[in-house]
Structure formats: C-alpha cells, structure tokens
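First the structure, in the form of structure tokens, and then the observations on it.
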Amino acid sequence: MRDFYENPAVPVASGDARSLRQARLLAAALGAPGALVVDVGCGDGTAAATAGPILAGHRIVGVDWSQDALRRARPRLAHVVRGELDHGGLPFADGCADAVLFSEVVEHLVDPDRALDELRRILRPGGHLMLSTPNLAAWYNRGLLLAGWQPVFSEVSLRGIHGRPGSEVVGHLRLFTARALRSFLLSAGFEDVRITGAPFHGVPRGLRLIDRAACAVPSAASILLAHARRR
C-alpha cells in the first residue's frame, strides 16, 4: 500500500464541491478566528487550499505520510508536516487541535478504529471532526447492485478496475453508508454527529443535476460529509 500511494500517478485530490461544503460547515462551527485546523491526509493540498479563503483567520496545517503528496502540497499550504496515524501517531500534542479535516481518507485505511482514536487524541474536548467519504449507498450504486455490477467507489484489485464503471484505481478498502458512518463515529467517542451530502466530481456531465439533487437526501448522496464533536 505504501508503494501504491507513493506513485505520482495515484490521485491524491478530490472535487472542489466537497471541499467548499466542508469548509463552510467548519467555518460556521468555529466562529471567531484563531483556531488550529489539522488536515489529516492532506494529499496534494488542493482541498485545504480551496477551503483556505473560507477559513481565513484560522491556521491550517496539512499532514500526510506520503512524501510525494507533501512535495505537491508545499506550494499550496503554509504549513505541512509528515505524520502517520499509526507507528507512533501524529506529531501533535494531546488536545491541541480545534478541528480536524479528514477528507476521503477513512476509506483507504486498514485500521479505521485506530485512526479515529488518534484523531480524537489530538482534538480538544468539544473539538470538531469534519470527515468525508464516498457513500456505498449512493443513488447510482443502488441501481448498479440491482443490475449485478460492482458499486462505484469499491475495488477488488490495486492493479485494475473489475466489474464496475470507471478506469481509475484509488485504493479503497472500506466503504460506508450514512447509517454505518454515524454509528462508527458515535462508537469512536464522538457526539452530535450530523451527516450531509455532497456531489461527486466523477459523475458523468449528463447526470450531475441528479447528483446535486441527491445531496438533499444524504443517505443517497455520492459523498457523505460528517460533522461531529469530540466528547
């Protein structure tokens, strides 16, 4: 997996629509400037850079363990550091962060339980977790499963796509429905879990109006946006 994510050809950025929605939710929750926002799994920094103007006045620190991703993130972010969710944990003190961005990362993890423990460790009590992940039960995946196709976002190989639309391998290991994501976050020591929807940039142009409309029903949206607070 490490070799896979150090490959410059592997995508490490997501769509702007999700980043903007997530940033607006976080800005409203944080209020006054001066918060420390840690973007865990920042990739090439495009998501944090997109959120930057909305989160003006707050300090954003990007973290990734991929050296290639950090190399691409440095021109976009003022503060980037290398860190891991295991093997010693993130390079932050207990309870130092006011908010954590965790965008399209959890679906790539072998041990998401340990990852959430580490995010909770660096958050102050009452601190905000903004997590986004693809929705296994997205509106089109329901139809694909009925037709006997592999759902979009799911993968059976790191070498190629089999049995589903698309051509890009991105290394997804875990997929959530809205119900599963809410339960997972509550069990990991978070509360006030609110889930909204966001569109997916990879939806064909002719279906994008439907995809945006589906955001009104988070359980059927392409992307799940979860906002929770540390207990």
| note | If amide H atoms are modeled at 1.01 Å from N in the peptide plane, then the residues at a separation of 5 or more from residue 80, or on another chain, having amide H under 5 Å from its own are 62
| remark: Within segment 19-62, the residues whose backbone N lies under 14 Å from a label point placed 7 Å from the Cα of residue 194 along the Cα-to-Cβ direction are 21-31
| task | Find the Rg to Rh ratio for segment 11-130, where Rh is the Kirkwood radius over alpha-carbon pairs and Rg uses the same atoms. | result | 0.92
| said: Loop only by DSSP, 12 or fewer other Cβ within 10 Å of the Cβ. Give me the trypsin sites (Lys or Arg not before Pro) in segment 126-230 that pass, ordered by residue number. | reply: 159
| Using modelled backbone amide H atoms (1.01 Å from N, in-plane), which distant-in-sequence or interchain residues come within less than 5 Å of residue 127's amide H? | 230
| field | Antiparallel DSSP beta bridges within the chain, as percent of all bridges there, nearest 5 | value | 45
| message | With the crude spin-label approximation of a point 7 Å out along Cα→Cβ, what separation in nm comes out for residue 212 versus residue 68? | response | 3.4
| On the accessible surface of the chain, probed at 1.4 Å, how many percent belong to carbon and sulfur atoms? | 55
| remark: So for segment 144-231, using the alpha carbon gyration tensor with a ≥ b ≥ c as root eigenvalues (a/c under 1.5 gives rounded; past that, a/b versus b/c decides prolate or oblate), I'd call it oblate
| query | Could you give the length gained on full extension between residue 164 and residue 180, defined as 0.36 nm per residue of separation minus the Cα-Cα distance, in nm? | reply | 3.5 nm
| field | Residue-by-residue Karplus 3J(HN,Hα) for segment 75-85, coefficients 6.51, -1.76, 1.60, Hz, glycine and proline x | value | x, 9, 10, 6, 10, 9, 9, 8, x, 10, 7
| said: Over the Cα atoms of segment 69-138, what radius of gyration and what Dmax do you get, in Å? | reply: 13.1, 37
| query | Label residue 16 and residue 56 with points 7 Å out from Cα along Cα→Cβ: what is the distance between them in nm? | reply | 1.7
| note | note: the chain, Cα-Cα separations exceeding 21 Å make up a percent value of 54
| note | Under a Gaussian network model of the chain whose springs join Cα atoms within less than 10 Å, the largest fluctuation of 168, 107, 155 belongs to 168
| field | the chain, relative contact order in percent, only Cα pairs under 8 angstrom and at least six apart counted | value | 19
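The values are calculated or read from the model by the stated rules, or taken from the named source; none is laboratory data. Worth saying up front: this structure is predicted, and the values here are computed from it rather than measured. Methodologically, a virtual Cβ is constructed for each residue, glycine included, from the backbone with ideal geometry; neighbour enumeration extends over all protein chains shown. Just the protein is used for accessible areas: all its heavy atoms, side chains included, with ligands, DNA and RNA removed. Shrake-Rupley method; radii C 1.70, N 1.55, O 1.52, S 1.80 Å.
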